[in-house]
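> I have a structure I would like to understand better, so I am pasting it below and will then ask my questions one at a time.
Bear in mind these aren't lab numbers, they're just calculated from the coordinates by the rules spelled out. These figures come from a predicted structure and were not determined experimentally. Here the Cβ positions follow ideal geometry from the backbone for every residue, glycine too, while neighbour counts run over all protein chains shown.
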Amino acid sequence: MSEKSLHICHLYYDILNLYGDNGNIRTLEKRLAWRGIGCEITRLSFGEVDRSADYDIIFIGGGQDFEQELLVKDLFAYKAEWLKNEIEKGTVILGICGGYQMLGNYYEAADGTKVEFLGGIDVHTTASDQRMIGNFVFDYRGEDGESFSVVGFENHNGKTWLGEGVKPLGKIVKGYGNNGEDGTEGARYKNVFATYSHGPLLPKNARLADELLSIAYARRYEEPLAPLEHIMEDAALEDIRRQLGA
Amino acid sequence: MSARAALAVMAGKLTTMILKLMGSGGTSLPGKVVLKLCPDILGRLAKDMKIICVTGTNGKTTTCHVIRDMIEAEGKTVFCNDAGANLLGGVVSAFVSASTLGGRVKTDYALLECDEAALKSIVEHFGELDVTAVVTNVFRDQLDRYGEVLTTVNKIRAGLEQLPNVKLVLNADCSLTTSLNDLPNSGIYYFGMNAPLYEGTSSDISDAVYCIHCKAKYRYRYHTFGHLGGFYCEQCGYQRQEPDVALTKVLEWKDGSEVVEMNVFGKPVKAEVMLPGGYNLYNALAAVTIAHLTGLNEDSIVTVLGGLTTHFGRMEQVQLGDSSLNLVLVKNPAGFNEVLQFLIQQKPTGNIVFGLNDNYADGKDISWIYDVEFERLTGAAAGAKGYYFTGKRAFDMQLRLKYADFDTDKFHVEKDYKALITRLKQEGEQTFLVLSYTCMLEFRDKLSEFVPLKKYAREQ
C-alpha cells in the first residue's frame, strides 16, 4: 500500500504572506501528518506556474498594497487561466484577505478607477474610508449541516460584495465581515473558501481546517478523512470567543 | 526664554513632583501639561544642545543605553527619556526634568529614543539644530498600528525631512533603512555586518522582498538576520552601502557576550561586547558609530563595550527564591526571532514562560506569532522541564507551540500571574520568561510583590 499524501500549493508564498499566513499551511500539514498522511507543498512565486501539477489544495494569503500592481500583472501573465480552471473543477482553494479580493472580479478605488482581478468568483470589492479592524466571529455551516463558530482577525478597508451564484462563507456574529453592512462574511463557490479572516485562520479553527482537508481528501481518495482531536485548538477558540462576548 | 516657556517648565516640574508623591510611574503627563502651555518648548530647551535621536523598529532602548555609556565615558553629560516613554509627551517630560527652573538644560547631549510614528512630532521644532539621527532597522511591527512596513519607513522619512542639517546613521544591511539616504543631510554614516551572523540563520526576508525603488526582486550576497544582509538590486543598482563601522567577524560566542572583530572608520578593533544575543551586535555597532562621531577613541570604545550591564526589561535577571528568572521583552516577529536565537544558544533545561497579551501596545492582532520561527527552537528547547503560557492570549501561544511540535505533555497554561510566580518560585529552576509589552508590565507589577524591582517606565 502506498503512503497517502495531499499536494498543497502555496501561491505567491513570498508576497502574500503579510501576517502569519504560514500558520495556515503549517496547520494543514500538521493535521495531515498527525493522521499519518503525507503532504507535499509547492511554493509558487512570480513567473512560476506548474500546470501539470495536480493540487488538492491551493492557498492564497494576504499582502501589502505595495506589491498589488506587480501581482496582478503576474496573475494575468502566468496564472489566471490555470487558476480559473482549478476553481471550476472543484479544487479546494482557500483565499484570505488580499487573496480573497484577488479571486473576485475587480477592485474599485475611491476615484472610480478599476483594477481587474481574476474573475474566478463573482464578487467585487470597493474602496472605503472605513477601517474594518479587530477580532471577529462568524458562524459557518459545515458540509454536514452542523454550524460552528469561526474566530479570526480582520483588517481591511475594502468592502466586498457578493454576486450571483456565490454564497457567503458565514454569517457575522461579531465584527464587520465582507462590508460591515449586509452581515455576510467571506464567500463560498464550489470548493473555494474565501474570507477576510487574515493571517493564521486555521490553527485555532481546526474544524474549518478539517473541513478543507476532508473535502480535498475525499476528492483524491474517495474515502472519508479520519477524525482527529482538536482540544487545544478549541481551548484557544473558546477563550477568545468568551473574551469577545460572542 | 520667554515667561511662557518658563511657566511651562515650572508647571511640568510641578506635575512630575505630584506624580512622584502619588507613587505613579507615569512619565508622559508632565510633557502633556508643558505642551499645552508652550507648544514649541522642545525647540527652546534644545537650542544650545547636541541632540541624538534613535528610532527604528527594534533595538532603540539598547542602542540608547550603549550610546549613553559611550558619551559618559568621554566625560560628557547626557540625559535620556525613559525607556518606553518615546512619544512626544515622554520626550518633553525628559527635557523638563533635565531643565533648570529658568529653562536651561545643562547637559551636553540630549539622547532621545523616538517612536517611529512620533518622530516627526518630536523633531519638528529642532529645525536647524545639531541633530544626529540613528535608524536601527525597519521591520514589520504591529500592523494594526502602522499598516504596512513601508508606512513605517514613510513615518521616519517624514520626521527626518524636518531636519535639513541632520547627520544620519543608518543600518547598511537594511534595504528599507538605507533608502532614507536620499534625504537632505550633512553626512551619512553606515553600520553593518560584513558577513553572516550564524550558521543556518533565519532568512525570512518577507519584510522587504522587492526593491523599494524599482520593485525588482532583491538578491543577496549573504543574510544576517531577517531581511538584513548583503542586498542588491540587479535592475536599478540600488544596493547595500559599505559600512563605516562594520562587524567583520564573531571570534567567540560566550554566555551573555560576544568577542568580535570590527572595522571602525578604517581601523581594526577587537572587543568583547557585553550584550546577550547576536542581534544586539547591531545595536552595539550603531552606538560605536555615534561614539566615533562624538570623538571617543577606539580604546575607550572597547572599554565601554566590555563593561556594559544589561538593561532591565530587554533582558532582566531577577532572583526569586532558588529560581533565577530571565525576563525578555518581545514586540514583533523579528525581535522574537532574535530572542529565539539566544534561547537556542542557551539550550534551556529549566522552565520557559511565554506571555502574550493583545492590548493596543502589544498589537491587537496576534497573527504575528505565526511569523515567529518557533520550529527552530523545538529541538534546542526539548530538554526544558516545562513550557508555561500566560497573558490574555495564553491559549493561542500554547497552540502555536503545539504546531511547532513542542512536547504538549510539558504544557501549562497559567493566566494568574500570582499563581504562576508562586509555581516558578517552587520549581527552583533557571527560567526564561518571554513576554509581550503589557504582559511584561503586568507580570513585573505582580513580581514586585515578591521581590524588589527597579521602576519600569511606561507610556500613559
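> Mind checking the range B:354-419 for trypsin sites (Lys or Arg not before Pro) that DSSP puts in a loop (not H, G, I, E or B) and that have at most 15 other Cβ atoms within 10 Å? Present the calculation step by step, with values, prior to reporting the outcome.
Values: sites: B:364, B:376, B:385, B:392, B:393, B:400, B:402, B:410, B:415, B:418; in loops: B:364, B:385, B:392, B:393, B:415.
Within the range B:354-419, the qualifying trypsin sites (Lys or Arg not before Pro) (loop, at most 15 other Cβ atoms within 10 Å) are B:385, B:415.
> Within 10 Å of each Cβ of B:367-379, how many other protein chain Cβ atoms are there on average?
Values: counts 14, 4, 5, 14, 9, 1, 1, 0, 1, 0, 0, 0, 0.
Mean partner shielding for this stretch: 4.
> Separate question: Tally Lys/Arg at +1 and Asp/Glu at -1 over every other residue whose Cβ is under 13 Å from the Cβ of residue B:307; what's the total?
My count for the surroundings of residue B:307 gives -3.
> With the Cα gyration tensor of chain B giving a ≥ b ≥ c as the square roots of its eigenvalues, does the rule (a/c under 1.5 for rounded; else a/b larger than b/c for prolate; else oblate) give rounded, prolate or oblate? Before the final figure, lay out the partial values.
Details: a/c = 1.61, a/b = 1.16, b/c = 1.39.
Cα axes put chain B in the oblate bin.
> Would you kindly calculate the mean projected area, averaged across all directions, of the convex hull enclosing the Cα atoms of the protein assembly as shown, in square nanometres? Walk me through the numbers on the way to the answer.
Details: hull surface 127.1 nm².
It is 31.8 nm².
> Next up: State the antiparallel share, in %, of DSSP beta bridges confined to the protein assembly as shown, rounding to the nearest 5. Don't jump to the answer; show the numbers that get you there.
On the way: 52 of 118 bridges.
Among the beta bridges of the protein assembly as shown, antiparallel pairing accounts for roughly 45 percent.
> Sticking with this one: To the nearest 0.05, what FRET efficiency results for residue A:231 and residue B:182 with a Förster distance of 45 Å applied to their C-beta separation? Spell out each step's value before the answer.
On the way: r = 54 Å, r/R0 = 1.21.
Working from the Cβ atoms, E equals 0.25.
> Taking residue A:79 as the anchor, which lysines have their alpha carbon closer than 21 Å to its alpha carbon, excluding any fewer than eight residues away along the same chain?
Answer for residue A:79, where 21 Å is the Cα cut-off: A:89, A:114, A:190, B:215, B:217, listed by chain and number.
> Taking the Cα centroid of the range B:205-226 and of the range A:184-211, what is the distance between the two, rounded to the nearest whole Å?
Each part's Cα centre sits 31 Å from the other's.
> Set the bar at 25 Å for Cα to Cα. Now go through B:36/B:392; B:331/B:418; B:254/B:446 and name every pair that lies beyond it.
Pairs exceeding 25 Å: B:36/B:392; B:254/B:446.
> Separate question: How many percent of DSSP beta bridges within the range B:1-150 run antiparallel, rounded to 5? Kindly include the intermediate steps, with their values, before the conclusion.
Working: 1 of 15 bridges.
Looking only at bridges with both residues in the range B:1-150, the antiparallel portion is about 5 percent.
> If the cut-off is 18 Å between C-alpha atoms, which aspartates and glutamates fall inside it for residue B:425, apart from same-chain ones fewer than 8 positions away?
Counting by Cα, and skipping residues close in sequence, residue B:425 has these aspartates and glutamates nearby: B:316, B:322, B:414, B:416, B:442, B:445, B:449.
> Please quote Rg/Rh for chain A to two decimal places, taking the Kirkwood radius as Rh and restricting both calculations to Cα atoms.
On the way: Rg = 17.1 Å, Rh = 18.1 Å.
Rg divided by Rh gives 0.94.
> Can you put B:233, B:80 in order, fewest other beta carbons within 10 Å first? Write out the running numbers ahead of the final one.
Numbers: B:233 19, B:80 23.
In increasing order of surrounding Cβ atoms, one gets B:233, B:80.
> List the residues, sorted by chain then number, that are 5 or more residues from residue B:308 or on another chain and whose placed amide H is less than 5 Å from its amide H.
The list, which skips near neighbours in sequence, is B:274.
> If you rank A:14, B:48 by fewest surrounding Cβ atoms within 10 Å, what's the result? Can you show the working numbers first?
Values: A:14 18, B:48 11.
Ordered from fewest to most neighbouring Cβ atoms within 10 Å, A:14, B:48 come out as B:48, A:14.
> Right, next: On a straight-distance basis, which lysines could pair with residue B:76 in a cross-link, Cα separation under 19 angstrom, same-chain partners fewer than 8 positions away excluded?
Filter leaves B:47, B:50, B:106.
> Quick one: Cα centre-to-centre distance for the range B:250-264 and the range B:380-406, in angstrom?
Taking the Cα centre of each part, the range B:250-264 and the range B:380-406 sit 31 Å apart.
> Could I ask something else about it? Using each residue's phi in the range B:285-292, evaluate 6.51 cos²θ - 1.76 cosθ + 1.60 at θ = phi - 60° and report the 3J(HN,Hα) Karplus result to the nearest Hz, with x for Gly and Pro.
Calculated HN-Hα couplings, in order: 5, 4, 5, 5, 4, 4, 4, 4 Hz.
> Something else now. Quickly work out the residue A:76-to-residue B:21 label distance, labels modelled 7 Å from Cα along the C-beta direction, and quote it in nm with one decimal.
7.0 nm
> Round to a whole angstrom and tell me the spacing of the C-alpha centers of the range A:10-40 and the range A:113-132.
Centre-to-centre distance over Cα atoms comes out at 26 Å.
> From other protein chains only, count the Cβ atoms within 10 Å of every residue's Cβ in A:197-206, then give the mean. If you can, show how the numbers build up before the last one.
Details: counts 1, 3, 8, 10, 1, 2, 7, 4, 0, 1.
That average works out to 4.
> Separate question: When the Debye formula is applied to the Cα atoms of the range B:60-184, each taken as the same point scatterer, what base-10 log of I(q)/I(0) results at q = 0.20 Å⁻¹?
Log10 of I(q)/I(0), two decimals: -1.27.
> Here's another thing I want to ask about it. How many Cβ atoms of partner chains, on average, are near each residue of A:20-27 if near means within 10 Å of its Cβ? Let's see the in-between values first.
Values: counts 11, 4, 5, 7, 1, 1, 5, 3.
For peptide A:20-27, the averaged partner shielding equals 5.
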